Structures are given as structure tokens and as C-alpha cells.
Amino acid sequence: MSDIPLVDLAAQHAIIADEVAEGWRQILERAAFIGGPPVAEFERQYAEFVGVRHCVGTANGTDAIEVALRALGIGRGDQCILPANTFVATAEAVWRAGATPVLADCADDATYLVDPDAVRAAISPHTRAIIPVHLYGQAASVERLMPLAGQAGAWVVEDAAQAHGARRHGNSAGALGHAAATSFYPGKNLGAYGDAGAALTQSDELAARMRMLANHGESRKYEHQMPGVNSRLDSLQAVVLSAKLRRLAGWNAARRTAAGRYEALLGDLEEVVRPRVLDGNEHVWHLYVVRVPDRDRVVEDLRASGIAAGIHYPRPVHLTAAFAGLGYRHGAFPVAERAANELLSLPLFPGITPGQQERVATGLRKALR
């Protein structure tokens, strides 16, 4: 019996292989690998997909957050509020911009999204940005954060790396705040064949600053208006992303179908806390995350039976060695800390079969009992 992967990237590639090969052939003939028409076309397509005026391609999602923050003038002496339950890159980008990460707990509602009330409590005179993370495929309550940011004189910068195509009250993740950043890491719903990312905004002025910052602070060749970084989307990745973007809506629909199957298969397991979709959200199920007791042993049992379970994430930001200097202690964010000990990601990808999901559910049932 074959193993069940957490995500099957090979199957996705098989669908677009010919299209990518032809696009790459044309690029190789022109020998134009940075920028150019493929990048400009993908940026246009993705901006239209999200519903914003501007998409600025970057080398990765971490850079995209940093570029967005720096373009907003955020730096030394400023504070940025973000959830304790996120991948460390969100905090890392704040630190790289010169600002200080300030953490907030997530809500105890099986969504694990940042709690707006915790954000309100974390606001200080130094708050310059609030960074909601759209986790696991659904959007945070940005509409509750925008008034808080307005009162504090701060910006809302979405981390939309896990929510390609997700919507909240009819609006796309990435178009809910003042600016947004996303990642096209290979395992994302919209993934490149390497690292890639983008910064998003409705503002012409902000987009121009983002584009300069991502390209050595350059307004035109050898005219550097500000110290920038080298973070550009290359044309080979743009070809891949354009090919996948044309199929993303269908792939997301397949993910929703698979999530519905898990809901039915796991419904009688009282030990399993299944994910909840926040009211007003259209979920795209980047990950199907449950909470289980004795999580680490359950993961080992699943993997031993050929089921590639994952953990997102094993420890909150404040309990990593990298950010111990923020001064938070164990117990500072009890919801995020409890979740980190119990969360388990089950295999989910567009081509997963009902039989594979039944096997996952059976394996989980055996591991629990």
C-alpha cells in the first residue's frame, strides 16, 4: 500500500508540465531571467485575481512582508502586533524591517486566528502596524482590526501566505487591509517551483515604493532613491505561477470537497477538535488542522502507517530561541501554547481521493484508541 503524502506536488506538476515547459523554452531562448513580460503578466493576473490595483513580485514571502512594512515607513522604534500562532517568518520580517514584534493570542474557537480583543490589549503608543495572519486557508477578522489601527494611527498589513483565493464577506484575502504580503512557497495553494512571493496594495504611491525597495531602491537603472533589497520574482517562477493561477479556483474547490469529506469521516470522534470556518469566510483549506490529545504519539503512529501527518506549528513565536529576547514567558499566550501541543495537519491536496481520506481517518481512529 502506497504512502499518503501531506501534499502531492508531483500530481499538480503533471497537469501543467507541457505549459511550463513551453514557457521556459521561450525564456531560455531569450535568456531574460529577471523581470520581463512573464513577471509583468503574472503580477497583472494576480492583482486582478485578488482585486487590488498592484502586485509587486518578490523573491519570497518573508521579503514581501518586510518590503510592505518598510514602504509604509515602519522601522526602528516602531512596534508591529502579530499573532503568537504563526510561522516565524511573520515576526522575522518585522525584525528585519527594524521594528519590534508584539504578540497577541489567538481566539479559542477552533480557527486559531488572531483574537482582535488581544490585539486591542497589545496596542501601545509605538504601534505602527497590525499584521493579521490568514491561517490554514481562511481570513482573519480584518474588519475588526481596521478600526483599531485607525485609532492607533497604524496600518493593517495582511500576511496572506496561506489564503490564496480565500474570501471574507465577499472580499479576497490580500485586499482587506492597507497592504498585504503573500508567499508562493511550493506547498502553498498557489506554489512556485522554488521561493517566490508578492506584496499587494491598492495605493499607487505605496506600490511604487514597494517596487523600488524590492529592486535596490532603484527608480530607474542606477538611480537609487533609498536603500533597498534584492528581492525580485524571476521569470521562470512567473511562468509556473501563471499556469497554476489559471487552475487555482478549481483546485481550491477540490480542497473544499476534501475538507467536507474529513468533516463527515471524523464527526464521531469526540477526541478530535475539527476546524471551524469563521462566519463570513470562504475557506480554501491550505491545511486541514485538527486538535488531538497526545499529539506527538499520534503523529508517530500515523507516519509509521504511511500517512504523512504534519504539525503547524510546534511552538508559538515567543517560545522559539530566535525570539526569546522579546521577554515573553510560558503561559503568556495560553490558547496558542495549548494549540501548539495539540494541532495536527492531515493530508489534504486537490487530488486526494476518498479512499485515501478514509485510510487517513481509519489511521487516526486507530492511533487515538
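The values are calculated or read from the model by the stated rules, or taken from the named source; none is laboratory data. Keep in mind that this is a model prediction, so the values were computed, not measured. Cβ placement follows ideal geometry from the backbone for every residue including glycine, while neighbour counts extend to all protein chains displayed.
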Practice item. Inspect all residues belonging to segment 239-257 and state whether any of them is touching a Phe, Trp or Tyr at 6+ places or on another chain (Cβ under 9 Å), over 23 Å from residue 167 (Cα atoms) and at pLDDT 95 or above. Key: yes
Review point. For segment 10-32, what are the residues that are farther than 25 Å from residue 250 by Cα and either of a type in the set (A, V, I, L, M) or exposed (fewer than 13 other Cβ atoms within 10 Å of the Cβ) (or both)?
Key: 25, 27, 28, 29, 30, 31, 32
Study note, to complete from the structure: The number of residues in segment 162-193 that are assigned to a strand (DSSP E or B) and within 30 Å of residue 13 (Cβ to Cβ) is 6
Practice item. Taking residue 167 as the residue in question, decide whether it is more than 11 Å from the chain's Cα centre (by Cα) and closer than 15 Å to residue 284 by Cβ. Key: yes
Study note, to complete from the structure: If we ask which residues in segment 6-20 are touching a helix residue (DSSP H, G or I) at 6+ places or on another chain (Cβ under 8 Å) and either β-branched (Val, Ile, Thr) or not in a helix (DSSP H, G or I) (or both), their number turns out to be 3
Revision key, fill the gap. Considering residues that are within 19 Å of residue 208 (Cβ to Cβ) and either touching a Phe, Trp or Tyr at 6+ places or on another chain (Cβ under 9 Å) or surrounded by 24 or more Cβ atoms within 10 Å (Cβ to Cβ) (or both), the number found within segment 53-69 is 11
**Study point:** Subset tally (residues that are more than 16 Å from the chain's Cα centre (by Cα) and more than 18 Å from residue 114 (Cα to Cα)) for segment 170-209
**Key:** 12
Review point. What pairs come up if the first residue lies in segment 52-68 and is not assigned by TED's automatic domain parsing to the domain that holds residue 35, the second is small (Gly, Ala, Ser) and in a strand (DSSP E or B), and their beta carbons are under 6 Å apart, counting only those six or more places apart or on different chains?
Key: none
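Taking the options 284, 292, name whichever one is surrounded by 16 or more Cβ atoms within 10 Å (Cβ to Cβ), more than 20 Å from the chain's Cα centre (by Cα) and either within 25 Å of residue 86 (Cβ to Cβ) or not assigned by TED's automatic domain parsing to the domain that holds residue 42 (or both).
292
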Exercise for review: Could you pull out every one of the helices (runs of 4 or more DSSP H) wholly within segment 262-369 that has 1 or more residues that are among the polar types (S, T, N, Q)?
Suggested key: 334-342, 354-368
Practice item. Check whether at least one residue in segment 323-335 is within 30 Å of residue 250 (Cβ to Cβ) and either buried (at least 21 other Cβ atoms within 10 Å of the Cβ) or not acidic (Asp, Glu) (or both), and report yes or no. Key: no
**Study point:** Tabulated pairs, segment 215-231, first free of Cβ contacts under 8 Å to residues at least 24 places away in the same chain and assigned by TED's automatic domain parsing to the domain that holds residue 56, second among the charged types (D, E, K, R) and assigned to a loop (DSSP other than H, G, I, E, B), C-beta under 9 angstrom, 6+ apart or interchain
**Key:** 215/232
**Study point:** Search result, residues across segment 143-164 that are under 21 Å from residue 110 (Cα atoms) and buried (at least 24 other Cβ atoms within 10 Å of the Cβ)
**Key:** 158, 159, 160, 161, 162, 163, 164
Study note, to complete from the structure: A careful count of residues in segment 194-238 that are part of a strand (DSSP E or B) and modelled with pLDDT of 95 or more gives 8
**Study point:** Index of the failed condition, residue 119 passing every other in (1) without any contact (Cβ under 8 Å) to a residue 40 or more places away in the chain; (2) surrounded by fewer than 18 Cβ atoms within 10 Å (Cβ to Cβ); (3) not small (Gly, Ala, Ser)
**Key:** (2)
Practice item. Pairs only if they're at least six apart or on different chains, beta carbon under 7 angstrom, first in segment 70-94 and touching a residue at least 24 places away in the same chain (Cβ under 8 Å) and under 18 Å from residue 162 (Cβ atoms), second small (Gly, Ala, Ser) and part of a helix (DSSP H, G or I); list them, first residue then second. Key: 82/91; 84/336; 85/336; 85/339; 88/322; 89/61
